[in-house]
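Here is the structure we will look at, set down as structure tokens.
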Amino acid sequence: MSHTPFREAVINLDALANNVAQLKNAIGIPNLMIVVKANAYGHGMIHSARAALAGGAQWLGVADIDEALALREAGLTAPILAWIHAPDETFVEAVTAGVTLGISSLAQLRTVANAGAAAGLVARVHLKLETGLSRNGASEPEWAQLYAEAAALEASGTILVEGIFSHLSNTSEEDDLAQAVIFDRGINSARAAGLAPQLIHLAASVAAMTLPMLRYNMVRVGILAYGISPFEHRTAAELGLTPVMSLRTKVIATRRVSSETGVSYGYTYKTSGETTLALVPLGYGEGIPRAASGRGPVLIGGQKFTIAGRVAMDQFVVDVGDVPAAVGDDVVLFGDPAQGHPSVTEWAEAAATISYEIVTCMGGRLTRRFTGLDS
Ligand SMILES: *Cc1c(COP(=O)(O)O)cnc(C)c1O
């Protein structure tokens, strides 16, 4: 393929490393895990993981073991925690690759101990407690047996219970503190059962920033590292963070049209006077939300416009009025507001979703271009 990429997610690895350094400083606890699941929220997992470590992260977090194994294959030796497992997972590959496992049930605990025994290695586990999110994790009535078996397996040398963790619902401060009460009970009863977990972690980005008493000695941070604020009333810039991803393309066609010209499928937009339409080659095939039809902000030649009509699979149209737009002009959908770009947050609002979904869904025919660090 010799075509120049004309749809790019540009990933600023220096910004990512600087964000991590900034967060480490702001949060000020011994262990910072940067979460790089789902292709690092669409930013490219391997490059992002390297940048996170360069910024001072001690741990990497992923959902799947396959993600952890890909990091190992790329030569990353940092501790990695993986916590979502297939029903028939054996854990043998993960244990062999030195991947730490989030363990949510007695069945998983027994399987991971067997994997440790089979590999002749000590399987490192973090026990996951259900404290109110109603997802995975062992719930309170299960703790006694889980802890008793874990202690026995630890004594037999097949596992090490290195950590205990849970995850918050971010519903309200009150709800999060209620989860923490249950979590504390879980930690105390684990210690009473003879376990000595070194790493205690509950907070993701939101609580890590807003509830210092829930930081324990590790936090798992995702969205903030990518320079995106999860808060309604505080921008990334106000948190000292720089957006890592910018989404860029070029105008591929322009057309001068008269008033009352229907634009894109269903004519949900009609021109209100003679005007110029610019065609942008990005669509829901790349993860541009169709829900942002008629709403998503777009920068063309340094001026901000709004998508005209429906987002299609491969393209959308922008009404640029009398601005002299031309084929090849730079288009930025989102990036760093400090450079005049629309923000991911504006896109999330336009599509009635959260910024996490906007960046994580970027893909399809997009090329990721990495800048900064060792890219
Ligand atoms: C995704 C995830 C995180 C990171 O959440 P952010 O809000 O992006 O910081 C932390 N912990 C768990 C268990 C997760 O699934």
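The values are calculated or read from the model by the stated rules, or taken from the named source; none is laboratory data. Because the structure is predicted, anything quoted here is derived from the model rather than measured. Neighbour counts run over all protein chains shown; Cβ positions are idealised from the backbone, glycine included. All accessible areas refer to the heavy atoms of the entire protein, side chains included, with ligands and DNA or RNA removed. Shrake-Rupley method; radii C 1.70, N 1.55, O 1.52, S 1.80 Å.
Under 26 Å Cα to Cα from Lys37, which lysines show up? Leave out anything in the same chain fewer than 8 places away. In chain and number order, the partners are Lys24, Lys128. For the stretch 172-214, taking Cα atoms only, Rg and Dmax work out to 11.5, 33 Å respectively.
Between Tyr267 and Ser189, the contour length at 0.36 nm per residue exceeds the alpha carbon distance by 21.8 nm.
With a simple spin-label model that places each label point 7 Å from the Cα along the Cα-to-Cβ direction, the separation between Gln303 and Val122 comes to 6.6 nm. In order along the stretch 89-101, phi translates into HN-Hα couplings of 4, 9, 6, 5, 4, 5, 5, 4, 7, x, 8, 7, 10 Hz, rounded to whole numbers, per the Karplus curve 6.51 cos²θ - 1.76 cosθ + 1.60 with θ = phi - 60° and x for Gly and Pro. Restricting to the chain, compute how many DSSP beta bridges are antiparallel as a %, nearest 5. Of those bridges, close to 50 percent are antiparallel. Heavy-atom surface analysis with a 1.4 Å probe gives the stretch 245-375 a carbon and sulfur content of 49 percent of its accessible area.
Any idea what angle helix 45-54 forms with the longest principal axis of the chain, computed on alpha-carbon atoms, 0 to 90 degrees, nearest 10? With both axes taken from Cα atoms, the answer is about 70 degrees. Taking the average, over residues, of other Cβ atoms within 10 Å as the packing measure, peptides 219-226, 81-88 rank 219-226, 81-88 from highest down.
Over the chain, DSSP H runs of length four or greater, each weighted -39,500 (n - 2.57), average out per residue to a 222 nm ellipticity of -9000 deg cm²/dmol.
Amide hydrogen proximity for Leu129: with H placed 1.01 Å from N in the peptide plane, the residues at 5 or more positions away or on another chain lying under 5 Å are Ala138, Phe165, Ser166. Histogrammed with a bin width of 20 Å, the alpha carbon distances of the chain distribute as 27, 48, 21, 3 percent, first bin at zero. For the stretch 6-123, the Kirkwood radius over C-alpha pairs fed into Stokes-Einstein at 37 °C and 0.692 mPa s yields D = 218 µm² per second.
Scalar couplings 3J(HN,Hα) for the stretch 224-229, obtained by applying the Karplus form with A = 6.51, B = -1.76, C = 1.60 to θ = phi - 60°, are 5, 4, 8, x, 10, 8 Hz; x denotes Gly and Pro.
Note that the chain presents 43 Å² accessible area per residue, ligands and nucleic acids not counted, probe 1.4 Å. Within the accessible area of the stretch 43-88, the carbon and sulfur atoms contribute 53%, probe 1.4 Å, all protein chains present.
Please report the net charge: other residues with Cβ closer than 9 Å to the Cβ of Thr367, K and R +1, D and E -1. Combined, the nearby Lys, Arg, Asp and Glu give +3. Using alpha carbons only, the radius of gyration of the stretch 249-305 set against its Kirkwood radius gives Rg/Rh = 0.95. Quotient of the Cα radius of gyration of the stretch 13-233 and 2.2 N^0.38 Å, N being its number of residues: 0.97.
Contact order, relative form, for the stretch 227-327: 26 percent (alpha carbon pairs under 8 Å, 6 or more residues apart, mean separation divided by residue count).
Here the relative contact order of the chain, from alpha carbon pairs under 8 Å that lie six or more residues apart, stands at 18 percent. Along its three principal directions, the equivalent ellipsoid of the stretch 250-370 from the Cα gyration tensor extends over semi-axes of 23, 16, 13 Å, largest first. Model label points for Ala70 and Val257, set 7 angstrom from Cα along the Cα-to-Cβ axis, are 3.9 nm apart.
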